[in-house]
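Novice: Pasting a structure below so you can have a look.
Every read-out reported here was derived from the displayed coordinates using simple, explicitly stated rules and does not represent laboratory data. Owing to the predicted nature of the structure, the values given are computational and were not obtained by experimental measurement. All Cβ positions, glycine included, derive from the backbone under ideal geometry; neighbour counts span all protein chains shown.
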Amino acid sequence: MKNAYLVFFAPESGELRCFDGYFKTDPREVISAVSFCSEEISYTDVLSDPSNGGKGVVFAYPLIGNAGLTAEEFEKNPPRAAFAIAREFTDEPSNFACAHTIGEYFEKYALTAVCGADTRGIVKFLSDKKRTLCLITDKKPEEKEALEKLRSYKATPFIQNVVPGVYENSLPTKLAVIDLGCGERYAGALSHRASVRIFAPEAPIEEIKAFGADRIFISDGSEEDPVTEEILSCVKSAVTSSIPVMAVGLGHILCARAMGAGIFEMKLGHHGSNCPVGSPGKAGSGRVYITNQNHSLAVDPETLSKLKFEVTQINRNDGTVEAIAYKEYPVKTFAYRPDFSDDGQGTGFVYDEFLK
């Protein structure tokens, strides 16, 4: 395996840190924002998550690939991440349903992967930084050259090819899904509860009303995707349309931003499947839900006091805003991604409340 050189750069503080590793795949130079993931399972779900679109992923768990991939995972979960870094990627899986190795997955989709890196050191570096960039190259770079490349990096648009009308059926409730990148995932999961049509993020509210939408759902997406004024205008039109709206992840952020709330970037962010969320108030009071999250932006609660919003849930670790109810409009938004469970134990009830 060929040597890989990893250069991490935190633009806000100006800190630069270099690590070494080995290319698991063909060597190529890549630059993107980067975050880490502490989940132990579902590595294909992490790499194919549209919220990671345009970002590199560092796996904190040291061994990736030990379960391999099923035939369905291999074909239906193409990666959205820019690259993957792990301590070790193994091509010797132990799983009765395994049809492909992680190496075959990287090769099929030409995803850059680096192993042998000090992922513990990388995670420690990333954990107290805001947005961090990473340069991966097969040639040991000079510091000046690396900084020039990192400082000149600009994220490219990630939302592409939104196809409407895929999940329409005979159910009476008509749900319009505004797709910020993850729309297809939510549309498919909600198609047994409503007749669903997917709309581009720039779709005018008139087009959504012409569909006869009873509800509007604004999906999650990649924070690396540049948000245009046109998208913000369309989101605001949806919020103020008097049609009930639910938004999650990036949709939650854009709704608040479109209505005048402040947004800030967290240092660590929320990335993982064990983030505790509960009602505001004294710790230990009220029910706490364990949620799946993948975001670095949060709504500034101080700006909400000037607006007609109500904070309905907060993060029990750091107190950041997790859910908002709009007082003037039938709108509820969630920073986390509610699961689709029907057992009453998770957060799937929010979809039932929204679509009832």
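Novice: Which whole-percent values make up P(r) of the stretch 252-356 when all C-alpha to C-alpha distances are grouped in 10 Å steps starting at zero?
Specialist: Histogramming the stretch 252-356 at 10 Å steps yields 14, 48, 34, 4 percent.
Novice: Here's another thing I want to ask about it. Given q = 0.18 Å⁻¹, what are the Debye log10 I(q)/I(0) values for the stretch 174-355, with equal point scatterers placed on the Cα positions and solvent ignored?
Specialist: Rounded to two decimals, the profile gives -1.22.
Novice: Still on this model: Find the relative contact order for the chain and round it to a whole percent, using C-alpha pairs within less than 8 Å whose residues are 6+ positions apart. Before the final figure, lay out each step's value.
Specialist: Numbers: 839 pairs, mean separation 50.1, N = 356.
Normalised by residue count, the contact order of the chain is 14 percent.
Novice: Could you give the size of the charge dipole of the stretch 174-355 about its Cα centre, using +1 on the Cβ of each K and R and -1 on the Cβ of each D and E, expressed in debye and rounded to the nearest 20? Let's see the in-between values first.
Specialist: Details: 17 positive and 24 negative charges, 113 e Å.
It comes to approximately 540 debye.
Novice: Report, in deg cm²/dmol and to the nearest 500, the calculated mean residue ellipticity at 222 nm for the chain, where each DSSP H run with n ≥ 4 adds -39500 (n - 2.57) and the sum is divided by the residue count.
Specialist: Working: 11 runs with 83 residues, N = 356.
Helix-only estimate at 222 nm: -6000 deg cm²/dmol.
Novice: Would you please name the trypsin sites (Lys or Arg not before Pro) within the stretch 192-246 that are DSSP coil residues with at most 15 other C-beta atoms within 10 Å of their C-beta? Write out the running numbers ahead of the final one.
Specialist: Values: sites: ARG193, ARG197, LYS209, ARG215, LYS236; in loops: ARG193.
Within the stretch 192-246, no trypsin sites (Lys or Arg not before Pro) qualify (loop, at most 15 other Cβ atoms within 10 Å).
Novice: Is there a quick way to get the dipole size of the chain? I mean about its Cα centre, with the Cβ of Lys and Arg at +1 and of Asp and Glu at -1; what is the value in debye to the nearest 20? Mind showing how you got there, number by number?
Specialist: Working: 38 positive and 49 negative charges, 159 e Å.
For the chain, the charge dipole is close to 760 debye.
Novice: Now, a different point. So for the stretch 53-125, Kirkwood radius off the Cα pairs, Stokes-Einstein at 10 °C and 1.306 mPa s: how many µm² s⁻¹?
Specialist: On the way: Rh = 12.7 Å.
This corresponds to a translational diffusion coefficient of 125 µm²/s.
Novice: Further question: In bins 5 Å wide, starting from 0, what share of all Cα pairs of the stretch 111-226 does each bin hold, as a percent?
Specialist: Computed distribution, short to long bins: 2, 9, 16, 14, 13, 9, 8, 9, 9, 6, 3, 1, 0.
Novice: For the stretch 42-183, give me the percentage of DSSP beta bridges that are antiparallel, rounded to the nearest 5 percent.
Specialist: On the way: 1 of 9 bridges.
Expressed as a percentage, antiparallel bridges in the stretch 42-183 total about 10.
Novice: Ok, one more. The chain: D in µm²/s via Stokes-Einstein (Kirkwood Rh, Cα pairs, 10 °C, 1.306 mPa s)? Spell out each step's value before the answer.
Specialist: Details: Rh = 21.3 Å.
In µm²/s, the coefficient is 75.
Novice: Something else: With +1 on each Lys and Arg Cβ and -1 on each Asp and Glu Cβ, how big is the dipole of the stretch 105-232 about its Cα centre, in debye rounded to the nearest 20?
Specialist: Taking the Cα centre of the stretch 105-232 as origin, the dipole is about 420 debye.
Novice: What net charge is computed for the residues neighbouring ILE253, neighbours being all others with C-beta under 10 Å from the C-beta of ILE253, Lys and Arg scored +1, Asp and Glu -1?
Specialist: Values: positive: ARG257; negative: ASP220, GLU223.
Residues close to ILE253 contribute a combined charge of -1.
Novice: If we count other beta carbons within 10 Å of each Cβ, what is the order of VAL248, VAL7, fewest first? The partial results should precede the final answer.
Specialist: Details: VAL248 27, VAL7 22.
Exposure proxy ranking, most exposed first: VAL7, VAL248.
Novice: Using +1 at the Cβ of each Lys and Arg and -1 at the Cβ of each Asp and Glu in the chain, identify which of PHE96, GLY116, CYS275 lies farthest towards the dipole's positive end.
Specialist: Result: CYS275, furthest along the dipole toward the positive end.
Novice: Sticking with this structure for a sec: Equivalent ellipsoid semi-axes for the stretch 3-151, as square roots of 5 times the alpha carbon gyration tensor eigenvalues: give them largest first, rounded to whole Å.
Specialist: Numbers: eigenvalues 141, 43, 36 Å².
They are 27, 15, 13 Å, listed largest first.
Novice: Please identify the trypsin sites (Lys or Arg not before Pro) of the stretch 1-90 that satisfy two criteria: DSSP loop assignment and at most 11 other Cβ atoms within 10 Å. Which are they? It would help to have the intermediate numbers written out before the result.
Specialist: On the way: sites: LYS2, ARG17, LYS24, ARG28, LYS55, LYS76, ARG80, ARG87; in loops: LYS2, LYS24, ARG28, ARG80, ARG87.
Loop-located and lightly packed - LYS2.
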